[in-house]
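Below you'll find the structure, written out as structure tokens, and then a few comments.
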Amino acid sequence: MFADRAKIFIKSGKGGDGHVSFRRELYVPNGGPDGGDGGRGGDVIFQVDKGKNTLVDFRHVHKYAARDGQEGGKRRCHGADADDLVIKVPEGTVIKDFETGKVIADMSGDNMREVILKGGKGGLGNMHFATSTMQVPKYAQPGQPGQELWVQLELKVIADVGLVGYPNVGKSTLLSVVSNAKPEIANYHFTTLNPHLGVVDLGDGAGFVMADIPGLIEGASEGVGLGHSFLRHIERTKVLVHVVDAASVEGRDPLEDIRTINRELEKYNPQLLERPQVIAANKMDALYSEEDGKQVLKALKAEFEPKGIRVFPISAVSRQGVKELLWHINDLLKTVDTTPVIFEKEFEIQYQGDRSLPYTVARADDGAYVVEGPRIEKMLGYTNLDSEKGFDFFQKFLKNTGILDDLEKAGIHEGDTVRMYGLEFDYYK
């Protein structure tokens with residue numbers, strides 16, 4: 001089954017927490033803290049797999065989470081870093097933020113591997129927090145949390161030339177006779193259900209990649225029919241080839257077919273009409289008479305060749321005129337920029353800043369509640385508690401960092417004493 005869109009949830013791993021422990025060995029006085037650091041959480045990495053050409057693997061598995069880093073250990077043991085999670089996608093996959101639709105990464109060109117979500121850093125063990133005033137730190141740094149995101153994957157095929165046109169005009173047949181592609185071909189009155197790519201080899205090193213874009217119809221840019229699902233595949237092509245039914249086997253006017261398709265392309269992306277176009281008037285061998293063929297070609301050339309769009313009468317079945325069409329396309333490609341169309345990054349993932357410094361809340365022997373740790377020391381170092389503004393900041397700090405919640409969990413009541421590095425306060429809600 002062909003699939004060119006998928007919505008998935010990705011999550012990087014959390015960093016392991018730092019460890020709290022102390023050396024307790026015989027004949028080792030003043031052992032001190034020896035808690036190790038936590039390991040790094042796993043990254044979420046997208047990588048191009050040349051063997052894939054569809055996003056069908058994501059139809060059944062929608063959630064991808066990297067593992068968390070291991071917690072630090074005693075005796076200064078560092079927790080193990082988690083393995084990265086590598087998600088393999090076909091070349092040409094565009095990764096977008098699901099909420100905004102903005103591009104996070106385009107897995108094309110030289111971009112074969114990209115870290116989308118970084119794992120959280122491991123927390124520092126208590127061995128890092130020993131100071132002259134705090135020689136027995138009973139706290140360690142928590143690991144940085146991982147990140148999570150819903151993303152939209154869109155596969156946009158990479159081809160030099162795109163065949164566009166209504167269903168059943170002969171696009172698949174043309175691709176099959178000029179390249180190594182083998183699309184299913186029959187006299188269907190509905191469109192091919194997935195795009196096909198083929199390599200056109202003209203010899204002497206000349207050639208290009210051609211894609212059969214499933215049939216477009218009027219209203220395709222607004223979601224009518226299946227065309228809207230495949231318009232994205234045209235965005236990377238350099239030259240557009242309109243394949244039209246010159247014999248009007250389906251009863252449509254070939255001139256109006258081209259006008260309709262161009263209107264749909266313009267509605268979807270006006271820049272598409274700036275690309276070189278060629279008209280392949282197919283099924284010329286199905287016309288009743290040579291005179292009928294001349295009239296159809298005269299009408300097509302009168303309208304489009306003054307605009308610089310060449311018209312080639314062909315028969316994909318008998319290969320009449322196909323060689324001339326291919327060489328003209330090859331010459332057109334020489335006049336355009338051959339740099340692959342890469343979609344620029346529009347969405348920057350906001351990573352966490354510095355990890356939170358730790359603190360502890362404990363009950364002392366005298367019944368007071370003791371709050372200590374680097375976070376408290378740092379805050380008291382730049383806060384003037386003697387001023388009204390400074391004390392107001394201090395109260396907000398206790399609330400916003402969750403220290404008040406932790407005090408309540410520890411069982412504090414109104415009127416109880418809170419001690420912080422020589423400062424004492426009575427607790428009131």
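The values are calculated or read from the model by the stated rules, or taken from the named source; none is laboratory data. The structure displayed is predicted, hence computed values, not measured ones. Cβ: placed from backbone, ideal geometry, glycine included. Neighbour counts: every protein chain shown. Accessible surface areas use protein heavy atoms only, side chains included; no ligands, DNA or RNA. Shrake-Rupley method; radii C 1.70, N 1.55, O 1.52, S 1.80 Å.
Can you give the log10 of the normalised intensity I(q)/I(0) at q = 0.09, 0.13, 0.15 Å⁻¹, computed with Debye over equal Cα scatterers of region 262-408?
Reported log10 I(q)/I(0), two decimals: -0.55, -0.82, -0.95.
Could you run the Karplus curve 6.51 cos²θ - 1.76 cosθ + 1.60 with θ = phi - 60° over region 66-71 and give me ³J(HN,Hα) per residue in whole Hz, x for Gly and Pro?
Those phi angles translate into 7, 7, 7, x, 7, 5 Hz.
Rank Val278, Val239, Val418 by mean-square fluctuation in a GNM of the chain with C-alpha springs under 10 angstrom and give only the top-ranked residue.
Val418
Give me the net charge of Leu202's neighbourhood, meaning all other residues with Cβ under 11 Å from the Cβ of Leu202; Lys, Arg count +1, Asp, Glu -1.
My count for the surroundings of Leu202 gives -2.
What does the charge count near Leu297 come to, summing +1 for each Lys or Arg and -1 for each Asp or Glu among other residues with Cβ under 13 Å from its Cβ?
Overall, the nearby charge balance is 0.
So, taking all protein chains as they sit and a 1.4 Å probe, how much accessible area belongs to Tyr428, in Å² rounded to tens?
Accessible area, nearest 10 Å²: 140 Å².
Quick one: length gained pulling Asn269 to Glu256 fully straight, 0.36 nm per residue minus the C-alpha distance? Present the calculation step by step, with values, prior to reporting the outcome.
Working: separation 13, 0.36 × 13 = 4.68 nm, distance 1.99 nm.
Answer, rounded to one decimal: 2.7 nm.
So what's region 13-135 giving for Cα Rg divided by 2.2 N^0.38 Å, two decimals?
Its radius of gyration relative to the 2.2 N^0.38 Å reference: 1.53.
So, how do all the Cα-to-Cα distances of region 228-346 break down into 5 Å bins, in percent, from 0 on up?
Result returned by the calculation: 2, 10, 20, 22, 20, 14, 7, 4, 1, 1, 0, 0.
Per residue Cα convex hull volume for the chain, in cubic angstrom?
On the way: hull volume 92.8 nm³, N = 429.
Convex hull of Cα atoms, per residue: 216 Å³.
Ratio of alpha-carbon Rg to the 2.2 N^0.38 Å globular estimate for region 27-89, to two decimals, please.
It is 1.83.
Past 30 Å, Cα to Cα, is the threshold; run Lys7/Lys307; Lys138/Lys409; Lys52/Lys238; Lys14/Lys378; Lys63/Lys409 against it and keep the listed order.
Lys7/Lys307; Lys63/Lys409
Report the far tail of the P(r) of region 253-297, meaning the percent of Cα-Cα pairs longer than 11 Å. Spell out each step's value before the answer.
Values: 715 of 990 pairs.
Within region 253-297, distances greater than 11 Å cover 72 percent of Cα pairs.
Indicate, rounded to the nearest 5 percent, the antiparallel portion of the DSSP beta bridges found entirely in the chain.
60 percent
Considering only the other residues whose Cβ falls under 15 Å of the Cβ of Asp43, what net charge follows from Lys and Arg at +1 and Asp and Glu at -1?
Net charge in that neighbourhood comes out at +2.
Could you calculate the FRET efficiency of Val317 with Asp57 from 1/(1 + (r/R0)^6), where r is the beta carbon distance between them and R0 is 51 Å, rounded to 0.05?
Efficiency, from the Cβ-Cβ distance: 0.90.
So between Lys294 and Met112, what do we pick up on full extension, going 0.36 nm a residue minus the alpha carbon distance?
On the way: separation 182, 0.36 × 182 = 65.52 nm, distance 4.98 nm.
Full extension of this stretch gives 60.5 nm more.
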